[in-house]
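The values are calculated or read from the model by the stated rules, or taken from the named source; none is laboratory data. Since this is a predicted model, take the numbers as computed values, not measurements. These accessible areas exclude ligands, DNA and RNA; they are computed on the full protein's heavy atoms, side chains included. Shrake-Rupley method; radii C 1.70, N 1.55, O 1.52, S 1.80 Å.
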Amino acid sequence: MATRRKSARKSARTVRRKVRSAKRAKRTVRKQVRKVKRAKRTVRRQVRRVKRAVRRVRRTAGSAARTAKRSKRKSARTVRAAAKRVVVSAGRTAAALAKAGAYQAASAGRRVLARGTLSVAETVQSTSHTVGDATASALESVADQINPDTGK
């Protein structure tokens, strides 16, 4: 009987050990998976940065090439062609000015809205303070009526 009990304890101990080791292995695997995921994330971020930089370079290169072509153009031989070119550049300038004006107007509108919101918030805050004071005084008077303070 005693030997049976001993062997049962032994087998239970070995089972516990196996379970512990399995849990430990699972934990280490999870940790490794987390590390790999983190590494993937950083690599993805770096790849995105590089791609963005490449796109930016391409864009600037393209615009530089266009400006170079524009500067290579021969000066117009006729007055009419020169006048046309002046009109086109004036149109470009007007469009740029209009865009800048629109951006400024939008930001000014945003600023005005923010100021208005701030003033409304301040008004609400002061109103709530006055209402709170009035409520507190009313409650105090009711409390005095119910239980008058004789110490005063």
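Being modelled with pLDDT of 75 or more and open to solvent by 100 Å² or more (accessible area, probe 1.4 Å): is that true of residue 52 here? Full working, then the answer.
Numbers: modelled with pLDDT of 75 or more: yes; open to solvent by 100 Å² or more (accessible area, probe 1.4 Å): yes.
Here the answer is yes, as residue 52 does meet what is asked.
For every residue, the table says whether it meets (1) over 41 Å from the mean Cα position of the chain (by Cα); (2) at pLDDT 70 or above.
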{"residue": "97", "(1), (2)": "no, yes"}
{"residue": "100", "(1), (2)": "no, yes"}
{"residue": "110", "(1), (2)": "no, yes"}
{"residue": "118", "(1), (2)": "no, no"}
{"residue": "122", "(1), (2)": "no, yes"}
{"residue": "138", "(1), (2)": "yes, yes"}
{"residue": "149", "(1), (2)": "yes, no"}
